[in-house]
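For reference, the structure discussed in these notes is given below.
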Amino acid sequence: MHHDVFDLRKFYYTRALGRVVQRVLRDRLTALWPPDQAQGMTFAGFGFAAPLLRPWLARARRVVSLMPGPQGVMAWPAGLPNCSVLCEETAWPLDTGSVDRMVLLHALETADHPAALMAEAWRVLGPGGRMLVMVPNRAGLWARSDTTPFGLGRSYTAGQLEAQARAAGFVTERAGAALYIPPSDRRFWLKSAQMWEQAGLRISQVLVAGVLLTEFSKQVQAPVGPARRVSVPSPLDVLGGIARP
């Protein structure tokens, strides 16, 4: 089962709860990857990562939002040249090793072939590239609610997410979580969302988040060339310039 792009757009751009979610996740992303350090980089998002990528439009060399065919695509960003692309889940129109930073949001949990999706992310990332994956937390309230996009598809534990990425060759850099408020439209929760996020960062063992955030990197071994012959001079050569007695 896949998301519908119209439902996602309605949630993130017209619903108060969706705008709060957008702000919370974007703040976590900008804290991890500051936009002022993105000069010359290529940023890509897959699934429905467009609401989080706007801060890098003016800084990065290139920003592209990839949206899977079964979900559908929308023009993005509004008022600027289009940067969104409709593509196959496991065949992205990006060159191998061309991406520096990748964001997966509403992608892995609804993928028909999650292992192949992770393999495609590995292909397009360059050596040392970073990828941030956001998935519903199996232990959280958001995965149990049908009123938000996080209630659709597979939910994950932190260990399952790391195992899936490790099988594709990624290395885990850091793990975290977000959305410590319940999936409610009540004004109290919406107005206090930032307070709960700050509290969750300090006492995450007590509060249960709705979304898991894990950063992975692509580490590639340096190529080992053919063995080179090393010539070690004989100690007797030191005496080569000494005249005979």
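The values are calculated or read from the model by the stated rules, or taken from the named source; none is laboratory data. Note that the coordinates shown come from a computational prediction; the quantities given were computed from them, not determined experimentally. A quick note on method: Cβ atoms are made from the backbone with ideal geometry, for glycine too, and the neighbour counts reach across all protein chains shown. Just the protein is used for accessible areas: all its heavy atoms, side chains included, with ligands, DNA and RNA removed. Shrake-Rupley method; radii C 1.70, N 1.55, O 1.52, S 1.80 Å.
Listing for the model above:
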| read-out | value |
| --- | --- |
| Condition broken by residue 1, with the remaining ones in (1) at pLDDT below 95; (2) of a type outside the set (S, T, N, Q); (3) open to solvent by less than 10 Å² (accessible area, probe 1.4 Å) satisfied | (3) |
| Selection count where residues are under 16 Å from residue 215 (Cα atoms) and open to solvent by less than 50 Å² (accessible area, probe 1.4 Å), scope the stretch 125-149 | 11 |
| Residue match in the stretch 65-81 (condition: within 13 Å of the chain's Cα centre (by Cα) and either among the hydrophobic types (A, V, I, L, M, F, W, C) or open to solvent by 40 Å² or more (accessible area, probe 1.4 Å) (or both)) | yes |
| Residue check for residue 97: closer than 23 Å to residue 211 by Cβ, assigned to a loop (DSSP other than H, G, I, E, B), open to solvent by 10 Å² or more (accessible area, probe 1.4 Å) and not β-branched (Val, Ile, Thr) | no |
| Hey, residue 177 assigned to a strand (DSSP E or B), of a type outside the set (Phe, Trp, Tyr), modelled with pLDDT under 95 and within 18 Å of residue 22 (Cβ to Cβ) or not | yes |
| Subset of the stretch 115-124 that is open to solvent by 10 Å² or more (accessible area, probe 1.4 Å) and in contact with a strand residue (DSSP E or B) (Cβ under 9 Å, 6 or more places away or on another chain) - its residue that is nearest to residue 13 (Cα to Cα) | 120 |
| Residue count for the stretch 180-195, restricted to those that are of a type in the set (A, V, I, L, M, F, W, C), farther than 17 Å from residue 29 by Cα and either part of a loop (DSSP other than H, G, I, E, B) or open to solvent by less than 90 Å² (accessible area, probe 1.4 Å) (or both) | 3 |
| Subset of the stretch 27-38 that is open to solvent by 60 Å² or more (accessible area, probe 1.4 Å) and touching a helix residue (DSSP H, G or I) at 6+ places or on another chain (Cβ under 9 Å) - its residue that is nearest to residue 114 (Cα to Cα) | 28 |
